[in-house]
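Participant: Sending over a structure as structure tokens; questions will come in a sec.
The values are calculated or read from the model by the stated rules, or taken from the named source; none is laboratory data. Given the structure is predicted, the values throughout are model-derived calculations rather than measurements. Note that each Cβ is placed from the backbone with ideal geometry, even for glycine, and that neighbours are counted across all protein chains shown. Accessible surface areas use protein heavy atoms only, side chains included; no ligands, DNA or RNA. Shrake-Rupley method; radii C 1.70, N 1.55, O 1.52, S 1.80 Å.
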Amino acid sequence: MSAEWDRLAKLIGTGDSTAVADALLALDESARRALAPELRHYLEDLHTDWTRRRTEGNALYVAGAGCLPRAADVVSWLRSPMLRGSLDVPPVAAIVRMLAAPGRPALETVALGLAARVRGTRWTERREWWLAAALLRESGAEPPTTDAFVRGWVRDQLRGTAERLTVTLASDPWTPLLAPRVFDVERIGVDLGAPRDPVWPAALVQLCERGVLDRDELLAGCRRRLRAGDRPAAIAAIVEVHRAFDPGLDELAEHRQEYAGLLSSPHLMVATLGQAALRALDDAGRLPAAMLLEAGRAVLLRPEKKLVRAQLTWLATAATRRPDDLAEILAALGVGLAQEAADLAERALATIARHLPRADEPTRAALRDLAGELTGDVGRRAAELLGVEAAEPTAVVAVADTRAALPPPIGSVAELVSEAVRVGWQPEDPVLLERVLDGLVRWIRADRAAVLAGLAAVRQGWVPTLVDPATVAATARYQTRPQTAPPQDLVNRRMAEVAGQLAGEPPVELLATPATPEGHVDPDRVLALLVLAERDGWEPGRYDLLQALLRLPRTVDPGIGTAAAALRSPAGQRLAAWLDRGGLPDPEVTRIALVRGRCCQQPAYGDGPRPVAGGSHRCSSCHRAGVRVTVAVRATGPDVEDAPPGLLDLPGDVAAWERAFRSYWPPPMALWPAVLPSHRELAAAHIQPRLTAVGDSDLNGHTGVVPALARLSGPFGPAMALALAYPLGAHRERDRLPVVDALALLAARGELDGDLVGRELAALVGADLIVLRRVVAGLAELSRAGAHRAVWFIAAAMLPVLLSGTAVRPGTPDLLALATAAADATGIRATNPVLAAVAARDGGSRLVAEARRLVRTLSR
């Protein structure tokens with residue numbers, strides 16, 4: 001180690017970048033380059049010392065600029081992640097001094113190389129952009145126009161007021177180069193701040209007025225970004241920029257095709273902008289009829305009612321103002337007859353009826369062709385208006401369960417090891433878990449050494465701990481924690497039991513290995529294994545036997561019970577007794593509503609379940625749900641030996657309160673349905689309380705277990721109805737879709753009690769526990785899946801409750817429209833006094849209009 005390096009290292013340790021620059025400038029170029037290897041080692045030694053890296057960062061910047069031989073080396077040093085921790089101002093002056101020394105890489109080359117490699121956009125990486133920009137300004141070089149550099153430039157501007165930002169940008173020589181590139185950078189609209197902070201749009205307009213920027217170039221970039229699209233928050237800023245420029249009619253006319261293209265944008269605000277531009281041209285008489293027709297076709301089938309309503313108003317006005325283009329206008333209105341929202345389709349039909357007397361025969365013929373394809377109330381009224389036969393309702397499509405069959409047993413040790421890795425640390429696939437447990441038992445008996453060697457080599461996931469003697473005891477203790485939910489407790493006890501068996505001589509096979517994806521065992525196989533066990537003198541595990549009994553189908557061949565009665569082993573006698581009494585009886589399930597307690601405080605535990613009065617049950621302060629609905633379960637048969645506490649009996653009172661309000665973040669529940677595949681209500685009673693927060697508290701996820709519940713056998717009762725009702729009000733569509741799948745599956749199997757589900761939904765909506773519009777969105781998906789009959793019975797049970805109130809709950813007209821479509825598709829006829837009373841009201845509100853439409857459909 002040289003004396004020069006010792007002096008330099010001491011100066012770096014002080015963090016004094018100016019002193020480091022002075023010391024290096026006192027040396028010649030060869031002496032500086034000779035220090036480069038020591039400098040690299042010095043930085044490597046600091047990789048774990050964050051405090052020193054932060055203290056010495058600026059000094060290290062200067063040292064790298066002064067010692068490293070090539071420009072690329074200096075750029076890599078200045079971009080080193082080891083030097084990004086500090087948010088202090090980079091030592092630009094000292095670096096510039098170093099790069100100006102004889103023999104050093106050129107400042108411009110380093111600055112351009114650093115600027116071209118700017119990538120980071122996080123606050124901790126902004127230092128890299130600041131340094132690159134400062135070096136570029138010192139060198140006088142033109143900056144690159146990469147996305148990252150442009151984004152950094154935008155973020156570096158101090159907004160304040162529009163006037164202040166305008167002055168700053170006008171004095172910046174980079175503004176003419178970088179400002180037009182703003183619209184080519186994705187998501188940069190968030191950094192522009194509009195419309196929340198409209199400083200940038202106003203500043204860009206003022207810069208164009210001053211001649212700093214070209215208005216046409218910025219407007220072209222704005223339209224380009226609007227066509228390309230972006231995230232909602234980002235595109236909103238671009239829309240605000242366009243509004244700030246307020247293009248005139250000549251500009252709109254020159255680019256009318258681009259504005260027409262905006263009508264198909266997924267963003268409502270962009271489509272609205274395009275519609276307003278074309279409407280302005282039409283009002284000025286500068287829009288061709290073909291483009292008016294194109295706009296109608298693009299907008300009238302969109303789901304945004306505000307946009308469609310504005311288009312219908314525009315077309316109605318144009319039909320009066322442009323008589324020569326009536327054929328094109330009526331053709332555009334004909335597209336609106338297929339609008340999913342019946343009130344908007346009805347409005348399009350009313351406009352057609354008003355102008356139909358002035359239409360020629362070819363236009364009438366085209367409208368008749370359209371009307372002949374329409375169904376529902378609007379289709380019948382259009383057919384009557386145009387003198388054609390109404391189309392028959394579309395056939396109801398049955399929804400089939402497409403779940404794959406069980407895979408074959410594991411066929412080799414290599415496959416066993418591979419599947420064990422897939423299980424991971426938290427088993428969440430019941431089919432995979434049972435397949436691996438079955439493979440472990442069979443292959444340990446066949447080749448223990450190979451299995452142990454394969455799993456020992458992996459050491460990844462939970463399965464290897466089952467065969468490791470050092471972890472079996474710890475695993476067993478972990479699996480029997482008192483706070484574990486009863487279904488998971490049985491799963492855990494059985495896996496711990498298997499772990500103990502694998503340490504010795506495992507059974508030939510496990511009794512509870514399922515024969516169906518739902519979890520049912522094959523009774524013949526269970527009997528055959530018990531016969532084999534009695535003959536060979538081994539006993540199955542007690543939890544494996546319990547799980548096998550719980551997995552028996554609801555209907556078993558009587559011959560199985562007769563054969564089991566001939567067995568003398570305890571396990572055989574237990575099977576015989578189980579079958580003799582008809583298996584596990586269905587429990588009594590009671591719906592209960594529980595009050596959280598005093599707002600924002602712990603409840604009085606002694607209160608237990610209390611009746612819930614009508615009205616909202618949300619706190620006006622913290623907005624939490626003050627009531628949750630769940631079930632209590634009382635077992636009706638004798639006690640089941642070895643069953644974990646609470647598995648077959650879920651009491652009310654304090655225990656029910658604990659289930660309802662202490663399960664905000666549910667544990668993984670994917671394994672639970674397969675524990676009780678013949679008792680859907682019992683499985684749902686364990687899962688339902690853990691799904692309430694998805695509906696009443698916007699909890700994310702956890703609904704993937706609902707389709708598995710739907711596939712189980714057994715009665716459909718209040719527990720399953722609540723397990724469907726709560727998550728159908730989930731905030732996120734992806735959390736509602738599994739519930740829709742479950743409803744469709746139950747409807748296809750004829751097992752859905754739509755009336756019960758509808759009553760539960762109405763009660764939850766009426767108490768403000770879930771949001772009606774979310775429920776309607778889920779039911780609309782169910783209708784699109786072809787389950788129209790299920791939609792009708794659910795909606796029919798909800799409507800009397802929702803229509804009886806004095807205030808109209810948002811989403812009620814949409815539910816009426818959905819019920820109308822379902823009734824039309826199924827041909828249902830019915831009367832409802834509450835519905836008839838609403839339909840008889842005066843006025844033309846959408847609620848009344850939809851009620852009248854439903855009454856007409858039900859009485860046709």
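Participant: Taking only protein heavy atoms and a 1.4 Å probe, what accessible area per residue, in Å², does the chain have with all protein chains in place?
Facilitator: On a per-residue basis, 43 Å².
Participant: May I pose another question? If you roll a 1.4 angstrom probe over the protein chains with everything in place, what fraction of the accessible area of the chain belongs to carbon and sulfur, to the nearest %?
Facilitator: In the chain, the share of accessible area belonging to carbon and sulfur is 54 percent.
Participant: Let me know the shape class of the range 145-246, please: from the alpha-carbon gyration tensor, a ≥ b ≥ c as square roots of the eigenvalues, rounded when a/c is under 1.5, otherwise prolate if a/b is greater than b/c, or oblate.
Facilitator: rounded
Participant: Can I ask one more? Around Ala796, under 13 Å between beta carbons, what's the net of Lys plus Arg minus Asp minus Glu among the other residues?
Facilitator: Around Ala796, the surrounding residues sum to +1.
Participant: Here is a follow-up. With a 1.4 Å probe and all protein chains kept in place, how do Asp250, Asp639, Asp768 rank by accessible area, largest first?
Facilitator: Details: Asp250 110, Asp639 150, Asp768 55 Å².
Listed by decreasing accessible area, they come as Asp639, Asp250, Asp768.
Participant: Using the Kirkwood radius over C-alpha pairs as Rh, can you work out the diffusion coefficient of the range 3-142 via Stokes-Einstein at 37 °C, viscosity 0.692 mPa s, in µm² per second?
Facilitator: Translational diffusion coefficient: 223 µm²/s.
Participant: Which distance in Å, rounded to a whole number, links the C-alpha centroids of the range 415-441 and the range 485-504?
Facilitator: Between the Cα centre of the range 415-441 and that of the range 485-504, the gap is 14 Å.
Participant: Using unit Cβ charges (K, R positive; D, E negative) and no other charged atoms, how large, in debye to the nearest 20, is the dipole of the range 3-142 about its Cα centre?
Facilitator: Roughly 420 debye for the range 3-142.
Participant: Further, regarding this structure: Just report the Cα centroid separation between the range 776-824 and the range 324-363, whole Å.
Facilitator: 28
Participant: Which one, Thr18, Tyr61, Ala134, projects farthest toward the positive side of the charge dipole computed for the range 3-142 from Cβ point charges (K/R +1, D/E -1)?
Facilitator: In the range 3-142, that residue is Ala134.
Participant: Can you pull the accessible area of Glu641 for me, 1.4 Å probe, Å² to the nearest 10?
Facilitator: We get 110 Å² for Glu641.
Participant: To continue, here is another question. P(r) for the range 282-392: what percent of alpha-carbon pairs falls in each 10 Å bin, starting at zero?
Facilitator: Bin by bin from 0 Å, the calculated values are 15, 51, 30, 4, 0.
Participant: Moving on to the next point. Per DSSP helix of 4 or more residues, -39500 (n - 2.57); summed, then divided by the residues of the chain. What does that give at 222 nm, rounded to the nearest 500?
Facilitator: Result for the chain: -18000 deg cm²/dmol, rounded to the nearest 500.
Participant: Work the Kirkwood hydrodynamic radius out for the chain: mean of 1/r over every pair of different alpha-carbon atoms, inverted, in Å.
Facilitator: Values: mean 1/r = 0.0297 Å⁻¹.
The answer is 33.7 Å.
Participant: About the Cα centre, and with charges only on the beta carbon of Lys, Arg (+1) and Asp, Glu (-1), how big is the dipole of the chain? Nearest 20 debye, please.
Facilitator: Dipole about the Cα centre, nearest 20: 1440 debye.
Participant: Assign unit charges at the C-beta atoms only (+1 for Lys and Arg, -1 for Asp and Glu), then state the dipole size of the range 138-178 relative to its Cα centre in Debye, rounded to the nearest 20.
Facilitator: Values: 4 positive and 6 negative charges, 44 e Å.
Charge dipole of the range 138-178: 220 debye, to the nearest 20.
Participant: Now for a different question. Quick one: length gained pulling Glu251 to Asp653 fully straight, 0.36 nm per residue minus the C-alpha distance?
Facilitator: Taking Glu251 through Asp653 to full extension adds about 137.6 nm, to one decimal.
Participant: As I understand it, the dipole of the chain uses +1 on the Cβ of Lys and Arg and -1 on the Cβ of Asp and Glu, about the Cα centre. Which of Gly411, Leu529, Ile828 lies farthest toward its positive end?
Facilitator: Looking along the dipole axis, the top candidate is Ile828.
Participant: Also, I was wondering about something else. If you take every residue apart from Leu107 with its C-beta less than 12 Å away from the C-beta of Leu107, what net charge results, scoring Lys and Arg +1 and Asp and Glu -1?
Facilitator: Spelling it out: positives minus negatives among the neighbours equals +1.
Participant: Hey, another quick one. Could you tell me which of Leu433, Ala453, Ala643 has its Cα farthest along the dipole of the chain towards the positive end, charges placed at Cβ (Lys, Arg +1; Asp, Glu -1), taken about the Cα centre?
Facilitator: Ala643
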